[in-house]
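The values are calculated or read from the model by the stated rules, or taken from the named source; none is laboratory data. The structure presented is a predicted model; accordingly, all values stated were derived computationally and were not measured. Here Cβ is always computed from backbone atoms with ideal geometry, including for glycine, and neighbour counts include all displayed protein chains.
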Amino acid sequence: MADFNLAIEDYLEDLRVARRCSPHTVSNYARDLKAVARSAASRSIDSWQSLTGSDVRSIIAEQHREGIAGRSLARRLSAVRGLYNFLIKLGRCESNPAVDILAPKDKKSLPATLDPEEVSRLLAQNLNDPMICRDLAMFELMYSSGLRLAELVNLDLVDLDLSVGQVRVTGKGGKVRDLPVGKPAVEAINKWLGYRRMTPGADERAVFLSSRGKRIAPRTVQMRLKKLAESQGLNRDCYPHMLRHSFASHLLESSGDLRAVQELLGHADISTTQIYTHLDFQHLAKVYDEAHPRAKRNKITEEQ
């Protein structure tokens, strides 16, 4: 393992110093490269120079069988390719055996959503408690406008124009989009803003504040949603992105306008939005199974 580790340390140092990669990236690459190195060593391969394309492919396939997700293996292959490019540049390797190897694809799972009745039940509270009013305002807005968690917690007061029902958010890649805000969300936000003026740190720019008057943290939002769902008797593992999924699914189901949903979600590629058409089909299939005479007849036949 010594030859493997020496090359890894040299490459990580290059990432840290020359390329100024984040500590998180360096840590991930270190873990990925060491995992590949251990697998190679277990096959009696003693250095990166001795590793072949066939070896890399076998190692990745083995790790996938062990339960490593396709996305993690794609990052792992990226780390290996980067290491080899570094070694080739230094003249310590002649070729990159990982260059044409693709990670196995995971089976896509459909996103979990709440149905409209569950959303109504979740947001039914109307208590005169500042923190609960804040929570309801956050979750009404997430469901009303399809916000990501990061977009929600980063909202500033200047981003809101409740007089026309609009919010401006900055999404992935710094992409800014203006989104409509529904009436229930506008009312919930206005109620929260009334309490917010009396909250410590009211001069803070953030729309949503913690009980200490600081910008609310993503983890706090996650915990508050989970607590709210439990208090409302929803037997679901609710998390913030589920509200965004529900927004997209319900809007697509009602309108059928995939392009509009793509714009509202801020997806760069419509293929990302298309997963919600599968959810819509599931709903249609359920309606069909419950309502179509032939579907009913097939079920009766099967029971017999």
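Figures for the structure shown
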read-out: Output for segment 85-101, where each listed residue is out of contact with any helix residue (DSSP H, G or I) (no Cβ under 7 Å at 6 or more places or on another chain) and not charged (D, E, K, R); value: 85, 88, 90, 91, 95
read-out: Every residue from segment 199-213 that is aromatic (Phe, Trp, Tyr) and touching a Gly at 6+ places or on another chain (Cβ under 7 Å); value: none
read-out: Test: residue in segment 187-199 that is surrounded by 15 or more Cβ atoms within 10 Å (Cβ to Cβ), at pLDDT below 90 and either at positive phi or in contact with a helix residue (DSSP H, G or I) (Cβ under 7 Å, 6 or more places away or on another chain) (or both); value: yes
read-out: Which numbered condition residue 14 fails, given (1) within 16 Å of residue 92 (Cβ to Cβ); (2) exposed (fewer than 14 other Cβ atoms within 10 Å of the Cβ); (3) acidic (Asp, Glu); value: (2)
read-out: Residue in segment 66-114 that is farthest from residue 271 (Cα to Cα), counting only those that are among the acidic types (Asp, Glu) and over 18 Å from the mean Cα position of the chain (by Cα); value: 94
read-out: Boolean, residue 27 is surrounded by fewer than 13 Cβ atoms within 10 Å (Cβ to Cβ) and over 12 Å from residue 77 (Cα atoms); value: yes
read-out: Filter pass, residue 213 being loosely packed, with under 13 Cβ neighbours inside 10 Å, more than 19 Å from residue 178 (Cα to Cα) and at pLDDT 70 or above; value: no
read-out: Wholly within segment 140-252, helices (runs of 4 or more DSSP H) carrying at least 3 residues that are more than 22 Å from the chain's Cα centre (by Cα); value: 183-196
read-out: Candidate set from segment 115-130 (those that are of a type in the set (A, V, I, L, M, F, W, C) and loosely packed, with under 15 Cβ neighbours inside 10 Å); member that is nearest to the chain's Cα centre (by Cα); value: 124
read-out: Residue selected from segment 98-144 under the condition in contact with a Lys or Arg (Cβ under 6 Å, 6 or more places away or on another chain) and in the same structural domain as residue 197 (by TED's automatic domain parsing), by the criterion farthest from residue 192 (Cα to Cα); value: 135
read-out: Residue within segment 45-62 that is basic (Lys, Arg) and closer than 19 Å to residue 30 by Cα present; value: no
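Yes/no matrix, rows are residues, columns are (1) surrounded by 15 or more Cβ atoms within 10 Å (Cβ to Cβ); (2) of a type outside the set (S, T, N, Q):
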residue: 47; (1), (2): yes, no
residue: 54; (1), (2): no, no
residue: 69; (1), (2): no, yes
residue: 102; (1), (2): no, yes
residue: 111; (1), (2): yes, yes
residue: 132; (1), (2): yes, yes
residue: 137; (1), (2): yes, yes
